[in-house]
1. Could you work out how far apart the two model spin labels at Lys85 and Val25 are, taking each label as a point 7 Å from the Cα in the direction of the beta carbon, and quote it in nm?
2. Could you look at region 1-95 and say what percent of its accessible area is carbon and sulfur, using a 1.4 Å probe and all protein chains?
3. Keeping every protein chain present and rolling a 1.4 Å probe, give me the accessible area per residue for the chain in Å².
4. Apply the a/c threshold of 1.5 to the C-alpha gyration tensor of region 28-81 and tell me whether it is rounded, prolate or oblate.
5. Excluding same-chain residues fewer than 8 positions from Lys89, which lysines have a Cα within less than 22 Å of its Cα?
6. In what order, largest first, do Phe103, Phe72 sit by accessible area if the probe radius is 1.4 Å?
7. Largest first, what is the accessible-area ranking of Asp35, Asp40 with a 1.4 Å probe?
8. Could you put Phe68, Phe93, Phe62 in order of accessible surface area, largest first, with the 1.4 Å probe and the full protein assembly present?
Amino acid sequence: MALQRFREKRLYAKFLKCEFWLEEVQFLGHIVGKDGIKVDRAKIEAVSRWEQPKTPTEIRSFLGLAGFYRRFVKDFTKIATPLTKLTWKNERFIWTEKCEESFQELKKRLVTAPMLTLPDETGNYAVKAP
């Protein structure tokens, strides 16, 4: 019926770009399926294996990824400050122990943060602090 309606309205799709009858789909680093929303394991692996940045551009790349989740990481700005300073134009690029601690802490928090899920409408809710 849906395809018939598309035809009536003269809406067409390129079938090479379409996928039908999938059990789950990837969307913004998550897997959406019949069992709900879960983290894409490949993303967790990629963050876990991320090597130490060696240039300001590599730090910007890492902070760009991490910044997507900044509102879910407590004290994100405070943790990221040593790395952010290395991206400043007049700052020399010297990787310090504080930079390493910041980098490792952000990686840890990105792969261990609780997954945001849609609430279950049938149950009660309890919010617990970590």
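1. 4.5
2. 56
3. 88
4. Here region 28-81 falls in the oblate category.
5. By straight Cα distance, Lys89 reaches Lys54, Lys78, Lys98.
6. Details: Phe103 0, Phe72 95 Å².
Solvent-accessible surface, decreasing: Phe72, Phe103.
7. Numbers: Asp35 145, Asp40 15 Å².
In descending accessible area the options line up as Asp35, Asp40.
8. Phe68, Phe93, Phe62
The values are calculated or read from the model by the stated rules, or taken from the named source; none is laboratory data. Nothing here was measured: the structure is a model prediction, and the numbers come from that model. Note: ideal-geometry Cβ built from the backbone for every residue, glycine included; neighbour counts use all protein chains shown. Side chains included, ligands, DNA and RNA excluded: accessible areas come from the protein's heavy atoms. Shrake-Rupley method; radii C 1.70, N 1.55, O 1.52, S 1.80 Å.
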